[in-house]
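Okay, so here's the structure we're looking at.
The values are calculated or read from the model by the stated rules, or taken from the named source; none is laboratory data. Fair warning: this is a prediction, and the values are worked out from it, not measured in the lab. Heads up, the Cβs are rebuilt from the backbone with ideal geometry, glycines too, and the neighbour counts pull from every protein chain shown. Surface areas here come from the heavy atoms of the whole protein model, side chains and all, with no ligands, DNA or RNA. Shrake-Rupley method; radii C 1.70, N 1.55, O 1.52, S 1.80 Å.
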Amino acid sequence: PAPGPLLPPLCAPACGVPPAWAARLGATGFLISKCCFPLFKAKPGKVKRVRTIFSSEQLARLEQEFARQQYLVGQERCLLASSLRLTEEQVKVWFQNRRIKWRKQSLEQQQAKLAKMGLATPQR
């Protein structure tokens, strides 16, 4: 069956116009926006967090700070988070994920250098 017309978000009186990122849920036709329900239930006992979408300005600043230092703690993280209008947790997790990406890239670069020299080791 074809889905029916979209209904306004459940929070329309509070939020006004439906945001562009409002999510349509199945055949109910209701829109539920992140402003009303930041956490969606995945399985009983587990809560799935809504993924943070960073603006290009936020990403540029985060990358700039990462290039300066790979670990950001305490007051530095607090100041960066407030200047970017993010939570400290969001900044902390972004830095954790960026360090993982950096390590992976470094390992790939090392392996490429070894391969050029004919000393490549098999991948695990």
Original post:
Relative to the present Cα-Cα distance, how much length would full extension add between Gln69 and Gln111 at 0.36 nm per residue of separation?
Top reply: 12.7 nm
Original post:
By accessible area of protein heavy atoms, probe 1.4 Å, what ranking do Arg77, Arg68 get, highest first?
Top reply: Arg68, Arg77
Original post:
Quick one: Karplus J couplings for the range 70-87, per residue in order, coefficients 6.51, -1.76, 1.60, θ = phi - 60°, nearest Hz, x for Gly and Pro?
Top reply: 7, 10, 10, 9, x, 5, 4, 5, 4, 5, 5, 4, 5, 5, 9, 6, 10, 7
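Quick one: pull the percent of accessible area on the range 56-117 belonging to carbon and sulfur, 1.4 Å probe, ligands and nucleic acids left out. Walk me through the intermediate numbers first.
On the way: 2460 of 4580 Å².
The nonpolar share, carbon plus sulfur, comes to 54 percent.
May I ask you to rank Thr52, Thr87 by accessible area, largest first, using a 1.4 Å probe over the protein chains only?
Thr87, Thr52
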Original post:
Points 7 angstrom from Cα along the Cβ direction at Ile100 and Ser56: gap in nanometres?
Top reply: 2.7 nm
Subject >> Pairs of alpha carbons in the range 56-117 whose separation is greater than 17 Å (percent) >> reply: 43 percent
Original post:
So how strong a dipole does the range 56-117 carry about its Cα centre when Lys and Arg Cβ are +1 and Asp and Glu Cβ are -1, to the nearest 20 debye?
Top reply: 340 debye
